[in-house]
Every structure is written in C-alpha cells, then in structure tokens.
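What follows is one structure encoded as structure tokens, with my remarks underneath.
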Amino acid sequence: MNTLFSKFLLCCAVAGTIGGYSHINAQNSRTDKLQTYVLDNPYPVEKIVSPSGKKVKNVILMIGDGMSLMHIYSAWTANRGKLYIENAPVTGLSKTYCANKLITDSGAGGTALSSGVKTMYHSVGVDVEGNPIPSLISLAKDKGLSAGVAVTCRLWDATPADFCCHNIDRENEYEIVADYVNCRADYVVGGGGLKFVNRPDGRNIYKELEQKGYQIAKSWEECLKLKDGKIFAVTDSFDTPKPKDRGDRLAQSSLKGMNLLNKNDKGFFMMIEGSQLDDYGHFNDLEMLMQETLDFDRTIGEVFKWAAEDGETLIVITADHETGGLTLLGGDKEKGEIQCKFSTTSHSGVMVPVYAFGPGAENFTGIYENTAIFDKIKKLLNL
Ligand SMILES: [Zn+2]
C-alpha cells in the first residue's frame, strides 16, 4: 500500500470520526504553520476571446475539487500574476451547503452540480431519501447528445461518481464502480483499476463494460490508441500520478474526449475534474496544491482554446466546496512567491467562484445555489 493511499486513509479517519464539527478540529503537523512556495517555472498565458452570439450546442463543466478564490489568487500570484481562467468574461458565486450540513463533502456538493438536488452529506447521485436521480450525463443521453467524464482521481471517488453512479454512501466503492456499467457515458477516463477486478462479488467490471460496447483501456498509452467509439479508460490502479509525472494528461484526456464527443451533431455534455486539489488541501500540502491548481488552469487554457475555435461550446468552471481553509498571507507576484496557512485538514464553508466562457456565459453571473448551475446547464442544452 503506497504512502499516498495510507495518508489518504488517515485523513478520512480523522475527518470521519469526530462527527458534524470535524472540520473545526481537523489538523495535521502543517495546519496553522506558515508555508512558502515559489513557482520556479511560470507559464505564459495568451488572451483567448470568449465566443458569443451562437447557440449553445455543447457544455463542458470543469470542477476544481476544493478550489476557492484563495486557491486561484495564490496560483495567480505564483504564476507571476496571470492565469488562463482570467479569460472567462463572466463570474458568479455558488452556495455549497448540503441538505444536512453547512459544510458539504464532494458527494453532496457534486450531486448538486450533476443532478440539481441538495442531498445528504456523503451521498452520491441520490436524493435525501436515497432515490437515484438523473444527472446531466443521463439527461444528455436521453436527448441523443453524447456525454463524457475525464478526471485525475480514482473513478470511485465522489465527483465522477456523482455524475455516473448512485449510492447513499460514497464509501460503498465497489457498488459505485459497478454502477458505471449502466452510466451510458460515451467516454470515461480516470484511475481506480483496483476495484474493477478481483472484487469481493467476483464480478469483472471490464467484461461487463465490453458487453455494453465499450473499448477498454487499462493505461493512458492504451487509451491514446483508441480513436473512435465508446471508450472506458481506467489508466491507473488508484489515482493518476502527480502533475510532474503525468504531464499534461488531464488536458490531453479532456481534448481527446471533446474531439470524440463532438462527432455527435446533436451536441455533448462533458465533466472534467481537477480532482487532486482536494487531496492536497486535506494534506495541507501547499506545494502540491499549487501544482495541481496550475495544472488545472493549464487544462482550462486548452479547453478555452478549443471552445474559442468551436464557437458553440459553453465552459463553466467551479468547485464543489473549499478544502483546507487556505489563507494567502503574503508573497510577491514578481518573484512568484506565496506565503499561506491552512486552518483545517477538512473542508470549509465559503461560497465558491463560478467562471463562464462562450455562448450563454452571461447566465452565470450573480449569487446562487450550487444546484442552479445544474438548472442553467439543463436549460441551455434543452435537456
Ligand atoms: Zn475533500
């Protein structure tokens, strides 16, 4: 069992056992300690003009898991005062509380985005009674559009599961993995191979997905070879590697999905997640958190460039909640240096930003419930 996994288990144990107010007492050796990070290799950012005037044919929802304004401004400072996300002409604010807690988790927070319902903490794709609810993926499929998901985490983690699976408890990871067999998405890329085979129930989920017409890839290299049709790529046994090892894989897996789904003249819906921001927020690891945030921003840049070419694609970027209680306390944008503190190893309760780019972006200005993001996308895609 690798150290990252054991750290992750430790973090969940600490967060889970202390009850409703776990966020307040959740600490590790880095919490409340001033951390300094300097970005050695800043990247240039081009001006990308947001297209307008055409109809909305495609929508791409990008989720920075645990990403607040503080994360974005810290990354902006580190990258010498520039980010691709700033090319979004429209901003809004989203309220993230869930049905039974002020401070949500990714299960309830992501379900509000995927299905437009405030549900119970730790629930995935179900309502407060535990009934499965349709997501933007299934609604798009019902209308003949195409649909896809590209993430950097294990596919049984909350956010991808919120769009493809249904379970009252995100910890039922084997059940969640089995749910992908019926999710109908045309393109799925993420980690988590550990729970697709050698399962307690003896099922081989890859075999079942093949029977549903998917081409299976068990590595990123295998996925790159697949050029058409329904693709289900489980590229790693757990999460995908760190940004310095995986390179621009999130941007490439996103572009591959967009080009594939765009073959459908009726349009498509896609969810792209910068998943690991949340983990490093939980670990209070400023360096890794910034590396993941900047990788997500570079992915946003590639997606914006594609959408600017296409002209009929709306991009919505937001978060499901804030993680780590991050505070930017000092720094120098000329040197790309930031000084930050974390106040918790858990989530905190702050409205999260919403950025919109492309036709229909104007619908995302203002302050609203996280569920309204689902409502706006559903309306714009006529689902
Ligand atoms: Zn989290």
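The values are calculated or read from the model by the stated rules, or taken from the named source; none is laboratory data. Nothing here was measured: the structure is a model prediction, and the numbers come from that model. As a convention, Cβ positions derive from the backbone with ideal geometry for all residues, glycine included, and neighbour counts pool all protein chains shown. Calculation scope for accessible area: heavy atoms of the full protein, side chains included, ligands and nucleic acids excluded. Shrake-Rupley method; radii C 1.70, N 1.55, O 1.52, S 1.80 Å.
Of the residues making up the stretch 313-344, those that are among the polar types (S, T, N, Q) and open to solvent by 10 Å² or more (accessible area, probe 1.4 Å) number 3. For the stretch 67-82, the criterion of being touching a Lys or Arg at 6+ places or on another chain (Cβ under 6 Å), within 16 Å of the ligand (Cβ to nearest atom), modelled with pLDDT of 95 or more and assigned to a loop (DSSP other than H, G, I, E, B) is met by none of the residues.
Looking at Arg203, Arg154, Arg170, which is the one that is more than 30 Å from Asn262 (Cα to Cα) and touching a residue at least 60 places away in the same chain (Cβ under 8 Å)?
Values: Arg203 fails: touching a residue at least 60 places away in the same chain (Cβ under 8 Å); Arg154 fails: more than 30 Å from Asn262 (Cα to Cα).
None of the others qualify; the one that does is Arg170.
You will find that of Asp310, Asp285, the residue that is surrounded by fewer than 24 Cβ atoms within 10 Å (Cβ to Cβ) and within 16 Å of the ligand (Cβ to nearest atom) is Asp285 and no other.
All told, Cys165 falls short of being in contact (Cβ under 8 Å) with a residue 40 or more places away in the chain, hydrophobic (A, V, I, L, M, F, W, C) and out of contact with any strand residue (DSSP E or B) (no Cβ under 8 Å at 6 or more places or on another chain).
Residue pairs whose Cβ atoms lie under 6 Å apart, separated by 6 or more positions or on different chains, with the first residue in the stretch 92-116 and charged (D, E, K, R) and the second open to solvent by 30 Å² or more (accessible area, probe 1.4 Å), are Lys95/Met351; Lys95/Glu369; Lys101/Tyr121; Asp105/Tyr121; Asp105/His122.
Sort through Val126, Val188 and tell me the only one that's over 26 Å from Ala251 (Cα atoms), open to solvent by less than 10 Å² (accessible area, probe 1.4 Å), out of contact with any helix residue (DSSP H, G or I) (no Cβ under 6 Å at 6 or more places or on another chain) and away from the ligand (no atom under 16 Å from the Cβ).
Values: Val188 fails: over 26 Å from Ala251 (Cα atoms).
Sole residue among the options that is over 26 Å from Ala251 (Cα atoms), open to solvent by less than 10 Å² (accessible area, probe 1.4 Å), out of contact with any helix residue (DSSP H, G or I) (no Cβ under 6 Å at 6 or more places or on another chain) and away from the ligand (no atom under 16 Å from the Cβ): Val126.
Determine whether the stretch 246-260 contains at least one residue that is among the basic types (Lys, Arg), farther than 23 Å from Ala161 by Cα and modelled with pLDDT of 95 or more. Before the answer, list the steps.
Residues of the stretch 246-260 among the basic types (Lys, Arg): 246, 249, 256.
In the following step, the residues that additionally are farther than 23 Å from Ala161 by Cα were identified as none.
Checked the stretch 246-260: no residue is among the basic types (Lys, Arg), farther than 23 Å from Ala161 by Cα and modelled with pLDDT of 95 or more.
The residues of the stretch 349-383 that are polar (S, T, N, Q) and open to solvent by 30 Å² or more (accessible area, probe 1.4 Å), listed by number, are Asn363, Thr365, Asn382.
Taking residues in the stretch 134-146 that are at pLDDT 95 or above, and partners anywhere that are β-branched (Val, Ile, Thr), the pairs with Cβ atoms closer than 9 Å and at least 6 places apart or on different chains are Ser135/Thr111; Leu136/Val59; Leu136/Ile377; Ile137/Val149; Ala140/Val59. Of the candidates Val177, Val181, the single residue that is open to solvent by less than 40 Å² (accessible area, probe 1.4 Å), under 25 Å from Gly64 (Cα atoms) and either within 16 Å of the ligand (Cβ to nearest atom) or among the hydrophobic types (A, V, I, L, M, F, W, C) (or both) is Val177. Screening the stretch 68-97 for residues that are closer than 18 Å to Met351 by Cα and hydroxyl-bearing (Ser, Thr, Tyr) and picking the one that is most open to solvent (accessible area, probe 1.4 Å) gives Tyr73.
Candidates in the stretch 266-282 are the residues that are touching a Leu at 6+ places or on another chain (Cβ under 7 Å) and away from the ligand (no atom under 16 Å from the Cβ); of these, the one that is nearest to Asp40 (Cα to Cα) is Met271.
Just the residues that are among the β-branched types (Val, Ile, Thr) and under 16 Å from Ser135 (Cβ atoms), please, taken from the stretch 366-383.
Thr371, Ile373, Ile377, listed by residue number.
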